[in-house]
1. With r as the distance between the Cβ atoms of residue 375 and residue 57 and R0 = 22 Å, compute the FRET efficiency 1/(1 + (r/R0)^6) and round to 0.05.
2. Using the Kirkwood radius over C-alpha pairs as Rh, can you work out the diffusion coefficient of the stretch 131-214 via Stokes-Einstein at 20 °C, viscosity 1.002 mPa s, in µm² per second?
3. Extending each Cα 7 Å along its Cβ direction at residue 281 and residue 67, get the distance between those two points in nm, one decimal.
4. Return P(r) of the stretch 52-157 (all Cα-Cα pairs; 5 Å bins starting at 0; whole %; ordered from short to long distances).
5. How do 297, 181 rank by accessible surface area computed with a 1.4 Å probe, from largest to smallest?
6. Compute the FRET efficiency between residue 143 and residue 99 as 1/(1 + (r/R0)^6), taking r as their Cβ-Cβ distance and R0 = 22 Å, and round to the nearest 0.05.
7. What ratio of Cα Rg to 2.2 N^0.38 Å holds for the stretch 205-272?
8. If you wrap a convex hull around the C-alpha atoms of the stretch 330-459 and split its volume per residue, what is the figure in Å³?
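The values are calculated or read from the model by the stated rules, or taken from the named source; none is laboratory data. What you are looking at is a predicted structure, and each value in this text was computed from that prediction instead of being measured. Backbone-built Cβ (ideal geometry, glycine too); neighbour counts: all protein chains shown. Heads up: the accessible areas ignore ligands, DNA and RNA and are worked out on the full protein's heavy atoms, side chains in. Shrake-Rupley method; radii C 1.70, N 1.55, O 1.52, S 1.80 Å.
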Amino acid sequence: MMSSRLPMVAVLLAGAVALSGCSTINRLNPFGQDDGPQEIAGEGERISIIAFDDTLSVSDTLRGADFFLPTPYSRTNWPLPGGNAEQAPEHIEAPVNFDVAWRRGFGQGSGRGNHVTAPLVAANGRIYVMDGAATVSAIDAQSGQVVWNANLEPTRRSEREGFGGGLALADGKLYVASGYRFMARLDAATGAAEWRTQTEQPIHAAPTVTAGRVMAVAIDNTLLTYDSATGAPSWTYQALSEPARILGASSPAVSGDTVVASFSSGELVALRSGNGNDLWNEGLSRASRTNALSEIRDIVGRPVIYRGDVYAVSHSGAFAAVDLRTGAPRWTLPVTGVTTPWPAGDVVFVVSKAGEVICVSRESGQVYWIRDLNEGVEPRKTGGFFGFGGTVAPKPLWTSPLLASNKLVLASSSGEMAVLNPKTGAVERKLNLGGSVLVDPIAVGGMIYVATDNAQLIAIR
């Protein structure tokens, strides 16, 4: 039975606050109002890069116009959270009929103190998942049978205060980052542990592994790096401290010797992957007179590197294309989001927190089309007594888009999967998944896979 609650991972604040005891976030309420942000940035704060009254609309010159999408290609592996080191898979071949092939439970779902946050990864005919209590499983991609599982939860009760993390694959090894304050490496074939390194801070995001280095962002906005063979710590980078954040985190993107990481401070930072020397730092921030939550600048979705540009969207209401070499913004749009953009060919797709799927010209930043997947959805009141009290449940949140065989695929916190025409935004089909989803779907071996909030892996053919 699908839970009616909206998963905390994507809508509630302050993973750092819950673990550090900071009280500065208490006045912020994601479902209410307060006095609003200051219109003039104070010391240490970032100034908005978009005007207060900017709005998003379809370009008159691009409305109904055609654009180029690359030919879909077959993928058998999905080793990193975004498919590859640049987080830009382009267009995947997955000619599915959108029928459920199988479902498989993989452990403890989201609940009090536990959250399913790990993006799916895949290699050699297996899908790798992690449940809400740090149990990692390898599941056969065709049959759904569990090949092995490994419980990585700390044995001491005092160390079990934590949640989140993620997985990455490289050279037959599975790398695990955890909210229980550790990084680990397992043998991807057997699940046997090979090393485990404690971290000072929890890690809520999946790691990125490339060129012998493991990279992950901790909740104190430190980019941590480790030697992939031994787990020995390497260089670190400290971004601005920001306790006001979303319960979720981002994974770095890497192109050549450049790593791009995003932080809850709204910083988008490019560094040398070999030594951590910073190349540029761009803040994605947009203040609002009417929305106090614009003060939360978190870039939760992964930054994406594609054809010389970096694409990222912040919770503060800025969606930007930034030159990878210089850090100069090419264009910026007023989009509030907690997902990962998907560039392909002439366009980039992005999903707003409000449920709008937006198709944008990569070159100009003009909008081809906007589709509101929450159109007609009325907020529901839950709880209370004879109509008094209770809370208003927000509209569904939608995952990052997946471009597969000329279909744009997304899933939602209300348990729906939507299939859109990528050229027009028209909704072609919807599928009931039977469980809330906030982990991005992936496509490998001609199938689409999605993990639900109650720890079910669903294969769609």
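1. 0.90
2. 163 µm²/s
3. So the label points at residue 281 and residue 67 sit 3.2 nm apart.
4. So the P(r) values, bin by bin, are 2, 9, 13, 16, 15, 13, 9, 8, 7, 5, 2, 0, 0.
5. Largest to smallest exposure gives the sequence 181, 297.
6. The calculated FRET efficiency here is 0.85.
7. Output field value: 1.06.
8. Roughly 125 Å³ of hull volume per residue.
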